[in-house]
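Heads up, the thing below is written out as structure tokens.
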Amino acid sequence: MVYQMLMNGALAGLIYVIMALGFTMIFGIMRIVNFAHGEFYMIGAFVVLLLFGSLGLPFFAAVLAGGVAAAVLGMVLERLLFRRLVHDEMPGMIMSLAVAIILKSLGLITFGPAEHTVPRPFTGTWQAFGAVAPWDRTVVAICALIILAIFYLFLKHSRLGLAMKAVAQDPETASLMGVKSGQIYRAAFGVACLLAGLAGALMAPIYNVGPYMGEMPMLKAFVVVILGGLGSILGAVVGGLLLGLSEAFLSTLLSPLAALIASFAMVLIVVIVRPNGLLGRTAR
Amino acid sequence: MNIRKLAVQLLVGISLTGLSIAGTLAEPIKIGVIAPLTGAGAQWGMAAAEGVKILAAETNANGGLDIGGEKHQVEVIAYDDKYQAADAVAAYNRLLNIDGAKYVFLVASASTLALKQNLEGDAVLGLTASVTDKAIDEGSNFMYRMLRPPVDYMPPFLDWVRDNVKERRVAIVNPNDETGWSQAQLTERLYKERGFEVLGIELYERAQQDFAPMVTKIQGLNVDIVELGSTSPATAGLIVRQARDLGYPGLFIKVGGTGAEAIVAGAGNEAAEGLVNVIFADRQNEGFRNLATEYEKAVGQQPNEYIVNFYDAANVLVQAIQKAGDADDAAKVAAAINDVLPIKSVQGGDLTLRGAGNREIMAPVYVGIIKGGQVAVVAEVK
Amino acid sequence: MTLLEVSNLSVHCGGMQALRGISLAVPVDSVLAVIGANGAGKSTLLRAIVGLVRHSDGAIRMDGEDVSSLTIQERLARGIVLCPEGRRLFPDLTVYENICMGAYRIRDRALFRQQLEVIYGIFPRVAERSRQVASSLSGGEQQMVAIARALVSRPRILMLDEPTLGLAPKMVLEVAKLVTTIKQQGTTIIIVEQNSKLALRISDYACVLKTGSLALEGPSADFLENDKVREAYLGGSNSEPPGGLVT
């Protein structure tokens, strides 16, 4: 049962990580708490519902399309709405709440209130150490790992990734190096929404697809990011896995309610003891 | 022409036409619906709202309600309570103070309990689909239930289960809220009374989508029946699928709620095969099919079975208003419900009044089993 | 020949006039020292030249062409580079990554490697520390990295804002030597310094700013010789800068 709990926790945690990465990235670079992050997850899922569920296109093509659709919308919204609120935390937060409500309502108008089901591209299970893992969730986990690796390489070795980190740490000095901050904001928002869209697209066949599906992942991302430290990429990875595992163990051993309480208790403790998160940088 | 001018003209036009309509017709009778129109419970809420609306449209098409020789249109106002008490209270206050409704249909238990006292104080007639026994007590003069509550149908339903399945080890799964708690307690008692062994009660959060931990725990209990209680259909589909994925081989039974089709859609035909569900409507029935057609026109999907109960209850209500001869006195209308029943359900069969304080409108209930992705009605619950 | 010319430059910052009609000319391959008290507008002058703050009046000419309406990136392309006050390294990036950011505009990999060689030649310590995270370096090392980062993009005019601030005396000397080296390699320099003695020693020309206006300008040698100037603008002859630079 311990192995099964580890398995459950890792499978859930990896998606939390992908969600939290984008969320923390937008905050790190633009100082905007993007409460609409869950809605980009929803958009990715709806694209899979349409392209894979209804039109029968290949699953991974639909997943990519979902990510790209979320990214494109994210970049448009960044230019129109968020660009002017960069580094202005409160108005940025309120704008993101407004965007979240509007996107949710548009989802409701377009797809109706009922939750939709996407057919499963993978079925069956595999076993290790007596723990069972469904193939569909395993594929999601593998994709999440691949996305993580690509994201890491992008940040570590690409010119754009380097510029993003530089802007996050000191936007003015970055501009002295010739970095156009607008380009970086667009790229950061695009990449963050791409990640959220991919997460939603991957999860579409696993959970139900509906206009409110983004709320829970958004909440989890929020918890993860506070645990790991707002703006910290490594913190998002550690926080995501920590949350996934703690939920898996506590839900199984006690109850889902206990797991929920525990996750917020962890947030409280971290906020009190380490206000910058487990791996957050201390205030500059 | 400038835009402001155009707007003024439009406004004047609208208000004039509005006045002319008001001039020719008597005051409409307003009926409120407070239901989860969004989120996981939306299928119930939408079915509830549409059921009442369809009956209202039929009544209006026949010229409206005749009260003392005056024809009244029936107007249905539906608000979303998101399955939450606070939203229900806000919606209720709107209905009462702004819209001026004297009748309200309720879906969720949380909302029903939150509004119970208000209904008595404001003399507003409430018809609820909530099955919690706390919804109606000694002091409830204005609350009616529109369907057979679990206390009434569950004993005979579980008698059928005892006589027809061989599994005996049960885990009960329910949402962590008022409906879930009362359902869990009741089911636990009834299963035990019939010689089943209840090995665990699992309460999950309404918005939860990952049930792997819960299923892992249940598998540790080594049960052969998972009772899904009042879990919403979409969520039940997820639970069934995730449980099958993790290798749970046993039986699923669902004594509460409705929406077996949505369970199949969520779980897949294979995983849902053999699930035993209480059914409030027979989808092969002609009356139901007519309602389903209307619903599909409005919403674009197949309705939840609840639509029958809300349609029937709305029918009881308008008949009672007509009988009472006074649309403003909910007490008189409540008294008249007793007089108009029994009447025919849209599915055939009689709607009768009995149960707690003689305030429960009893409608037919069936045992359904999922076979090849379809719900087969195998018996009527006596 | 004049490389950079500032004429009648005025800058307003938040309602206050930070610079009032400054006019300066920087000849090719020279070092100009800008000195003056705190808040005199020295940093603002550099920030206006590089394009970080908008000017309200006047012109900035590079090779005779007005660049004052260009963006930071366009000015960078013309070779105007600022090494900001307080070093401002990207704290969580490695030294190498910081240098890469300095070369952000250079897209040609071969050119970048060649520049890196040049830089590592001038700053052997920076080369040694290239894998280290910037925030782990000492103040002097950080300043070296900051100058290296500014230099890697091959500026034609390098502006150093308070490069010796907070450095140990030994490092101050090293920075001074570096300025001379960079000048000899053909880069024009504007240096803003509180340590006016040091600034005058390493510069060819100097100007004194006082509450946003140009108070005095001329060859640095004249300043050092003129006791009156020293007393009026450089805060008296007895306030020796730290580091014992007086020979």
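The values are calculated or read from the model by the stated rules, or taken from the named source; none is laboratory data. As the structure is a prediction and not an experimental result, all values here were calculated from the model. Reconstructed Cβ throughout: ideal geometry from the backbone, glycine too, with neighbour counts over all protein chains shown.
Here are the numbers for the structure shown:
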| quantity | calculated |
| --- | --- |
| Identity of the residue in segment B:342-370, more than 20 Å from the chain's Cα centre (by Cα) and farther than 15 Å from residue B:279 by Cβ, that ends up surrounded by the fewest Cβ atoms within 10 Å (Cβ to Cβ) | B:342 |
| Among the residues listed as C:140, C:58, the single one being buried (at least 17 other Cβ atoms within 10 Å of the Cβ), of a type outside the set (Ser, Thr, Tyr), on the phi > 0 side of the Ramachandran plot and away from chain A (no Cβ under 14 Å) | C:58 |
| Only listed residue being under 30 Å from residue B:173 (Cβ atoms) and of a type in the set (D, E, K, R), chosen from B:329, B:282 | B:282 |
| Cross-chain or 6+ apart pairs with Cβ under 7 Å, segment C:31-46 first and under 17 Å from residue C:13 (Cβ atoms), then of a type in the set (Asp, Glu) and modelled with pLDDT of 85 or more | C:43/C:85; C:43/C:161; C:46/C:161 |
| Residue within segment B:281-297 that is within 14 Å of chain A (Cβ to nearest Cβ), in a helix (DSSP H, G or I) and touching a residue at least 40 places away in the same chain (Cβ under 8 Å) present | yes |
| Residues being touching a Gly at 6+ places or on another chain (Cβ under 6 Å) and among the aliphatic types (A, V, I, L, M) - total across segment C:26-80 | 2 |
| Condition broken by residue A:195, with the remaining ones in (1) touching a Phe, Trp or Tyr at 6+ places or on another chain (Cβ under 9 Å); (2) over 28 Å from residue A:43 (Cα atoms) satisfied | (2) |
| Enumeration of residues in segment C:181-196 that are β-branched (Val, Ile, Thr) and more than 16 Å from residue C:152 (Cβ to Cβ) | C:188, C:190, C:191, C:192 |
| Candidate set: segment B:201-224, residues that are closer than 18 Å to residue A:4 by Cβ and surrounded by fewer than 17 Cβ atoms within 10 Å (Cβ to Cβ); chosen: the one nearest to the other protein chains (Cβ to nearest Cβ) | B:220 |
| Per-region count, segment A:234-256, residues in contact with a Ser or Thr (Cβ under 7 Å, 6 or more places away or on another chain) and surrounded by fewer than 21 Cβ atoms within 10 Å (Cβ to Cβ) | 1 |
| Residues that are surrounded by 15 or more Cβ atoms within 10 Å (Cβ to Cβ) and farther than 17 Å from residue A:197 by Cβ, drawn from segment A:103-115 | A:108, A:112, A:113, A:114, A:115 |
| Whichever residue in segment B:34-53 is more than 9 Å from chain A (Cβ to nearest Cβ), among the small types (Gly, Ala, Ser) and part of a helix (DSSP H, G or I) and, among such residues, is farthest from residue A:214 (Cα to Cα) | B:51 |
| Residue within segment B:176-183 that is modelled with pLDDT of 90 or more and within 14 Å of chain A (Cβ to nearest Cβ) present | no |
| Considering residues of segment C:144-165 that are among the charged types (D, E, K, R) and in contact with a strand residue (DSSP E or B) (Cβ under 7 Å, 6 or more places away or on another chain) only, the residue nearest to residue C:79 (Cα to Cα) | C:156 |
| Count - residues of segment A:113-133 that are under 24 Å from the mean Cα position of the chain (by Cα) and within 9 Å of chain B (Cβ to nearest Cβ) | 8 |
| Selected residue (only one of B:26, B:7 is assigned to a helix (DSSP H, G or I) and either among the small types (Gly, Ala, Ser) or modelled with pLDDT of 85 or more (or both)) | B:7 |
| Any hit, segment B:168-176, residues being surrounded by fewer than 22 Cβ atoms within 10 Å (Cβ to Cβ), among the polar types (S, T, N, Q) and either free of Cβ contacts under 8 Å to residues at least 24 places away in the same chain or closer than 24 Å to residue B:273 by Cα (or both) | no |
| Residue match in segment B:252-260 (condition: within 14 Å of another protein chain (Cβ to nearest Cβ), touching a helix residue (DSSP H, G or I) at 6+ places or on another chain (Cβ under 6 Å) and at pLDDT below 90) | yes |
| Test: residue in segment A:152-173 that is in contact with a strand residue (DSSP E or B) (Cβ under 6 Å, 6 or more places away or on another chain), within 11 Å of another protein chain (Cβ to nearest Cβ), at pLDDT below 95 and part of a helix (DSSP H, G or I) | no |
| Residue list for segment B:329-359, restricted to those being among the charged types (D, E, K, R) and at pLDDT 85 or above | B:329, B:332, B:339, B:344 |
| Qualifying residue in segment C:82-104 (condition: of a type in the set (D, E, K, R), within 11 Å of chain A (Cβ to nearest Cβ) and loosely packed, with under 15 Cβ neighbours inside 10 Å) | no |
| Residue within segment A:192-207 that is more than 17 Å from residue A:141 (Cα to Cα) and modelled with pLDDT under 90 present | no |
| Residue B:136 of a type in the set (A, V, I, L, M) and without any contact (Cβ under 8 Å) to a residue 24 or more places away in the chain | no |
| Search result, residues across segment B:83-99 that are closer than 20 Å to residue A:105 by Cα and buried (at least 20 other Cβ atoms within 10 Å of the Cβ) | B:83, B:88, B:91 |
| Helices (runs of 4 or more DSSP H) wholly inside segment A:188-284 that include at least 3 residues being over 30 Å from residue A:105 (Cβ atoms), more than 12 Å from every other protein chain (Cβ to nearest Cβ) and of a type in the set (A, V, I, L, M) | A:233-253, A:256-273 |
| Wholly enclosed strands (runs of 3 or more DSSP E) of segment C:1-80 bearing at least 2 residues within 29 Å of residue C:107 (Cα to Cα) | C:2-13, C:57-62 |
| Pairs with Cβ under 7 Å, 6+ apart, first in segment C:87-98 and closer than 13 Å to residue C:141 by Cα and modelled with pLDDT under 90, second small (Gly, Ala, Ser) and crowded, with 21+ Cβ neighbours inside 10 Å | C:87/C:146 |
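Each row is one residue, and each column tells you yes or no for (1) surrounded by fewer than 21 Cβ atoms within 10 Å (Cβ to Cβ); (2) more than 12 Å from chain A (Cβ to nearest Cβ); (3) at positive phi.
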| residue | (1), (2), (3) |
| --- | --- |
| C:117 | yes, yes, no |
| C:125 | yes, yes, no |
| C:131 | yes, yes, no |
| C:134 | no, no, no |
| C:157 | no, yes, no |
